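Below is one structure, written out as structure tokens; comments come after it.
The values are calculated or read from the model by the stated rules, or taken from the named source; none is laboratory data. Computed from a predicted model, the values in this text were never measured in an experiment. Cβ coordinates were reconstructed from backbone atoms using ideal geometry, including for glycine residues, and neighbour counts include every protein chain displayed.
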Amino acid sequence: MDKVVKSKKTILLAFLAVLLCVAIAVGYSYAVWTQTVEQEGTNVLNAGCLSVDFVETEDSDINLNNEYPISDEEGIKKKAYSFKITNSCTIYAKFSLNLEKLTGSTMDDGYVKLQLNERRPQLYSAYNSVNPTLSDATSSRSLDFGGLNPGASRSYTLKLWIDYDATNDQVGSTTFMSKVVVDSVAGEATGAEYIENLLADNPTTMNNDDPDENVRYMGASPNNYVNFNDELWRIIGVFYVKSSVDGPYEKRLKIIRDESIGNYSWDSSEESINKGLGVNEWSEADLNTLLNDTYYNSGSSEYCYNDLKNTHIACDFSIKDGNKIKGLDATARGMVATVMWNTGTVDGTTKTYSNTNTKDMYTAERSDHTGKICTGGNYCNDTTVRTTKWIGRVGLMYPSDYGYATGGGTSGRDACLKKELYNWEGMSECYKDDWLLNSSQVQWTITPVPSSSTAYGVFPVNSSGYVNRNDAYGTRGVRPVVYLKSSVQIVDDGNDGSYDNPYNLSL
């Protein structure tokens, strides 16, 4: 039975709250910069029924002088502005938290570094550009965005500093002045916002402790089931994702098929290329083609690879007949977004598949390290160009997705996240309390493994609970992963995401 989204009369409201003013004056004096950041007292500002509170704490009073470019490690130790946004309305409020650059600022956006909450420090220029709302602002960038249910709050801390790589010529005698602005309108929650807003009430099954504060489900059996493609999928979480390398960030639901679509090679090759063991470059992998062509279009193929030296079998995803698995139907395809996937990996020297924990893996996946560091030999003779970003629709989970899905059991989540993923086999509480584990099947991830002598290693999640290295030609379980369009909604029908009452989706 089709589910229908309940219609609601939209009330058009607009709120604007000027939260705080940050003024950075930089004076040129050989290799020394002068930075001044001031906040005048405590502010409690209201606009309509959206309130913004500036919290006066020991770490809120910033008045820095004789400042100079510093590393991120030093920058995150700086004192922070603390503030909270509260939706005092009786309706849902969508918001954008913006930092607006004021008239008179002469410092380039690429030299100001900031950290919002505990997220990865980023340049001001890396944030989404939006239209300024202040009359004296020349530009504006969105530091965060989302929505709040009536009565809900969201707390923030903000730290700013001059980027370590800035030079005298670049920032000497320049000024950066800005104001933080909260811009909000009434609306309905997207599917991503709906799930994100469940975090506060579900601390035992949800978390946002990765370096970008993506909201994730964790534990052995969280209520993250969703009907998609007329079958059960599960929500990995809500992620900041771009549709292109230089495009804006959007918050999207990331979902994974509850069961594998079968065992296939990640990649295979003819014997003259890496001895027939495959090539570990996702953009040209055989499994990529299978997922984004045959499976995505509900088609069939004679070339579904399942062993070395280009060994293949026939596969058919055109219909669902008994135990046969169908590909994505038209409704499902309409919900799938084309996005940028990170296909970087560990550096292969200081970090390898055997000594990398979950947080380090997350960082590595977003790095410029590729799956090929070897320079020659029969097992390293492919000429495939390696990349660390791929634009596409259907992928696989990351090793870090598996790591962050643990609840930690009696060992504790923090202990599991700090433990090398390769050594999880010795910490049963980590993998037994992880819903992405399949104890009867090895599962492929999207991430390659570099080696000094081979160019075909890929990270799998082993059925015994640890993440190791496998050859790309091996036949392993394939669980498709997609990001949904930002317009996809969770249907308000009372379902709780449990196995028996999965969430329903609508465009």
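Per-residue answers, yes or no, for (1) outside the structural domain of PRO448 (by TED's automatic domain parsing); (2) aromatic (Phe, Trp, Tyr); (3) surrounded by 14 or more Cβ atoms within 10 Å (Cβ to Cβ):
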{"site": "LYS309", "(1), (2), (3)": "no, no, yes"}
{"site": "PHE317", "(1), (2), (3)": "no, yes, yes"}
{"site": "GLY334", "(1), (2), (3)": "yes, no, no"}
{"site": "THR349", "(1), (2), (3)": "no, no, no"}
{"site": "ASP360", "(1), (2), (3)": "no, no, yes"}
{"site": "GLU365", "(1), (2), (3)": "no, no, yes"}
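Let's see how each residue does on (1) at pLDDT 95 or above; (2) under 19 Å from THR384 (Cβ atoms); (3) part of a helix (DSSP H, G or I):
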| site | (1), (2), (3) |
| --- | --- |
| GLY278 | yes, yes, no |
| LEU290 | yes, yes, yes |
| ASP321 | no, no, no |
| ALA332 | yes, no, yes |
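Count, please, the residues in region 157-181 that happen to be without any contact (Cβ under 8 Å) to a residue 40 or more places away in the chain and surrounded by 20 or more Cβ atoms within 10 Å (Cβ to Cβ). Total satisfying the criteria: 0. When region 367-390 is filtered for residues that are under 26 Å from THR338 (Cα atoms), surrounded by fewer than 19 Cβ atoms within 10 Å (Cβ to Cβ) and more than 19 Å from the chain's Cα centre (by Cα), the ones remaining, listed by number, are THR384, VAL385. Listed by position, the strands (runs of 3 or more DSSP E) inside region 83-136 whose residues that are aromatic (Phe, Trp, Tyr) and over 25 Å from LYS359 (Cβ atoms) number at least 1 are 93-102. Quick one: is LEU308 touching a Leu at 6+ places or on another chain (Cβ under 9 Å), in contact (Cβ under 8 Å) with a residue 24 or more places away in the chain, assigned to a loop (DSSP other than H, G, I, E, B) and not hydroxyl-bearing (Ser, Thr, Tyr)? So LEU308 fits the description; yes.
I want to confirm something. Restricting to region 131-144 and keeping residues that are in contact with a Lys or Arg (Cβ under 9 Å, 6 or more places away or on another chain) and crowded, with 19+ Cβ neighbours inside 10 Å, which single residue is farthest from ILE162 (Cα to Cα)? For region 131-144, the residue satisfying everything is PRO132.
In region 235-251, the residues that are without any contact (Cβ under 8 Å) to a residue 60 or more places away in the chain form Cβ pairs under 6 Å with partners that are acidic (Asp, Glu) and buried (at least 21 other Cβ atoms within 10 Å of the Cβ), at six or more places apart or across chains, as follows: VAL238/GLU196. Given the structure, is ALA415 touching a Lys or Arg at 6+ places or on another chain (Cβ under 6 Å) and at negative phi? No; evaluated as a whole, the condition is false for this residue.
Contact map, region 217-229: residues that are not assigned by TED's automatic domain parsing to the domain that holds ASN438 paired with residues that are aliphatic (A, V, I, L, M) and assigned to a loop (DSSP other than H, G, I, E, B), Cβ distance under 6 Å, separation 6+ or inter-chain. Pairs shown: MET218/ALA405; ASN229/LEU328. Picking from residues in region 218-273 that are surrounded by 21 or more Cβ atoms within 10 Å (Cβ to Cβ) and hydroxyl-bearing (Ser, Thr, Tyr), the one that is nearest to PRO203 (Cα to Cα) is TYR225.
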